[in-house]
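Engineer: Shown below is the structure under consideration.
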Amino acid sequence: MEFDTLCIHGNDNKYDTTGAVSVPIFQSATFVHPGVGQSTGYDYSRVQNPTREHLENTIAKLENGSDAMAFSTGMAAVTALMELFCAGDHIIASDDLYGGSHRLFHRISIKNGLSFDLVDTSDISNIVSRIKPETKAVFVETPTNPMMQVTDLAAVSALCKKHSLLLIVDNTFLTPYFQKPLELGADIVVHSGTKYLGGHNDTLAGFLVVSRSELSERLRFIYKTTGACLSPFDSWLMIRGIKTLAVRMERQQQNALEIARWLCSHKRIRAVHYVGLPSHPHYEVSRRQTTGFGAMISFETDCRETALGILGHVRVIQYAESLGGVESLITYPMLQTHADIPKEEREAKGINERLLRLSVGLESSADLIDDLKQALEVNQT
Ligand SMILES: *Cc1c(COP(=O)(O)O)cnc(C)c1O
């Protein structure tokens, strides 16, 4: 089956006997045992729930993984993932990391005895030079948030295999529609389902997808023990969102490309970071390992006032955190997602007071461009 069809018919609606086209929401915390020592396959919803199971099987198929676990948020997924590691273990991660993951690693995981080296993983030599006997994993975001740096996943995967390291990839920005890290050799994929998978800015969710059963066993144990599972209703909202994933990704990407090109031509825009522009330094690697570039753009304005002017005057685009939904959202990474990252580190990455991040939605690209245009003009006086 092609990806578009898998999004809609990836799994049988095996739980239903009425012919319902939509998977039922099994809003039940617990399940009756048919007899002593017997089970219907469901005992307690923290361990498994039919609606959530349907969602998990769909995600596993889309990512071509052996199993997927659905969490209440993306951060709950990353937190559970960190339980794979023990005090003393060392992890190498992308330096341009999602702010929440950065905060988890440096404020909580460190306290539990893990240590981290954050490097620019788009240059593999940076990873090589940090590997030590205690290193257990490489955690990569590609493209990164918000600087859109791309890591060569097949190359990093080969390196990880050589050193017996787990390769973990946060695939939130591209989704399996554009990028399948497990097929490129990754061991675990992380998602914030809150973003493109859900796609409507109405539900929080997270996923871990694994390449093999040994990892599934270890993570399923952590999952049922730590308990941050996705509710039946939110699982259903995710199932519904995923049905339109393919068309949304296509159209959002098309909008993004048009907006990125327009931004490049504007005199008050200094730099446009969009992986789909041939001028992007990682355009070629992206073309090799993905089937698309996504719909996230970061751009640098000429000065702080211009950036603030855009945030204050956009009308169609909304100034709000998050990304990936049908509504276009603009954020100020310095004050929002990356507020917890030390200033010098932030500035060194280019996350300064002139940088804005745009998640391009499903509105008409002409309306979005007009909106940016008027917001840039208001501030000209
Ligand atoms: C939003 C996000 C997360 C965290 O997910 P939540 O659902 O907000 O907890 C992790 N990684 C990336 C790349 C994200 O954009």
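The values are calculated or read from the model by the stated rules, or taken from the named source; none is laboratory data. As the structure is a computational prediction, the values presented were derived from the model and not from experiment. No Cβ is skipped: glycine too gets one built from the backbone with ideal geometry, and neighbour counts run over all protein chains shown. Only protein heavy atoms, including side chains, enter the accessible area calculation; ligands, DNA and RNA are left aside. Shrake-Rupley method; radii C 1.70, N 1.55, O 1.52, S 1.80 Å.
Engineer: Give the average over all directions of the projected area of the C-alpha convex hull of the chain, one decimal, in nm².
Structural biologist: Hull-based average projected area comes out at 19.6 nm².
Engineer: Apply the Karplus parameterisation 6.51 cos²θ - 1.76 cosθ + 1.60, with θ equal to phi minus 60°, to every residue of segment 339-346 and state each ³J(HN,Hα) to the nearest whole Hz, in sequence, with x for glycine and proline.
Structural biologist: 4, 7, 8, x, 3, 4, 4, 5
Engineer: Of all beta bridges DSSP finds with both residues in the chain, what is the antiparallel percent, to the nearest 5?
Structural biologist: Taking every DSSP beta bridge with both residues in the chain, the antiparallel ones total about 55 percent.
Engineer: Hey, any idea what % of the chain's accessible area is carbon plus sulfur with a 1.4 Å probe?
Structural biologist: Reported share for carbon and sulfur atoms: 52 percent.
Engineer: Given the options Asp89, Asp152, Asp16, which has the most mean-square fluctuation in a GNM of the chain, springs set between C-alpha atoms less than 10 angstrom apart?
Structural biologist: Largest GNM mean-square fluctuation: Asp16.
Engineer: Still on this model: Per DSSP helix of 4 or more residues, -39500 (n - 2.57); summed, then divided by the residues of the chain. What does that give at 222 nm, rounded to the nearest 500? Before the final figure, lay out the partial values.
Structural biologist: Working: 14 runs with 138 residues, N = 381.
Only helices count here, giving -10500 deg cm²/dmol.
Engineer: Also: Net charge near Ala320: determine it from the other residues with C-beta under 15 Å of the C-beta of Ala320, scoring Lys and Arg +1 and Asp and Glu -1.
Structural biologist: -2
Engineer: Stokes-Einstein at 4 °C, 1.567 mPa s, Kirkwood radius from Cα pairs: D for segment 172-266 in µm² s⁻¹? Don't skip to the answer; put the middle values down first.
Structural biologist: Working: Rh = 15.2 Å.
The Stokes-Einstein estimate is 85 µm²/s.
Engineer: Still on this structure: Looking only at segment 246-380, where both bridge partners belong to it, what percent of the DSSP beta bridges are antiparallel (to the nearest 5)?
Structural biologist: For segment 246-380, the DSSP antiparallel bridge percentage is about 85.
Engineer: What does the accessible area of Val47 come to, in Å² to the nearest 10, when a probe of 1.4 Å is used?
Structural biologist: Answer for Val47: close to 70 Å² accessible.
Engineer: Rounded to the nearest 0.05, what FRET efficiency is calculated for Val32 and His200 with R0 set to 30 Å and r the Cβ-Cβ distance?
Structural biologist: Using R0 = 30 Å, I get an efficiency of 0.30.
Engineer: Tell me, what does the Kirkwood hydrodynamic radius of segment 240-288 come to in angstroms if you use every pair of distinct C-alpha atoms? Intermediate results must be reported in sequence, preceding the final value.
Structural biologist: Working: mean 1/r = 0.0814 Å⁻¹.
Evaluated on segment 240-288, it is 12.3 Å.
Engineer: Using the scaling law 2.2 N^0.38 Å as the reference, what is the normalised Cα Rg of segment 246-380?
Structural biologist: In units of the globular-protein estimate, segment 246-380 measures up at 1.01.
Engineer: With unit charges on the beta carbon (Lys/Arg positive, Asp/Glu negative), name the residue among Ser164, Ser122, Pro176 whose Cα is farthest towards the positive pole of the charge dipole of segment 3-242.
Structural biologist: So the residue furthest toward the plus end is Ser164.
Engineer: Additional query: Mind grabbing the accessible area of Ile330 for me, 1.4 Å probe, Å², rounded to tens?
Structural biologist: 0
Engineer: Give me the Kirkwood hydrodynamic radius of segment 29-151 in Å, from all C-alpha pairs, to one decimal place?
Structural biologist: Computed over Cα pairs of segment 29-151, the Kirkwood hydrodynamic radius comes out at 16.9 Å.
Engineer: Would you mind checking which residues have amide H under 5 Å from Thr135's amide H? H placed 1.01 Å from N; only 5 or more apart, or other chain.
Structural biologist: For Thr135, the qualifying residues are His90.
Engineer: Let me ask something else about it. Relative contact order (percent) for the chain, with alpha-carbon contacts under 8 angstrom and 6 or more residues of separation?
Structural biologist: Averaging sequence separation for qualifying contacts and normalising by length gives 17 percent for the chain.
Engineer: Hey, another quick one. Over segment 246-380, what is the relative contact order in whole percent, taking alpha-carbon pairs under 8 Å and six or more residues apart? It would help to have the intermediate numbers written out before the result.
Structural biologist: Working: 222 pairs, mean separation 40.3, N = 135.
So the answer I get is 30 percent.
Engineer: Here's something else I'd like to know. Note down the magnitude of the dipole of segment 3-242 about its Cα centre, charges +1 on Lys and Arg C-beta and -1 on Asp and Glu C-beta and zero elsewhere, to the nearest 20 debye.
Structural biologist: It works out to roughly 420 debye.
Engineer: About the Cα centre, and with charges only on the beta carbon of Lys, Arg (+1) and Asp, Glu (-1), how big is the dipole of segment 246-380? Nearest 20 debye, please.
Structural biologist: Approximately 320 debye in magnitude.
Engineer: How much area per residue is accessible in the chain when the probe is 1.4 Å and only protein heavy atoms are counted (Å²)? Spell out each step's value before the answer.
Structural biologist: On the way: 15820 Å² over 381 residues.
For the chain, the per-residue accessible area is 42 Å².
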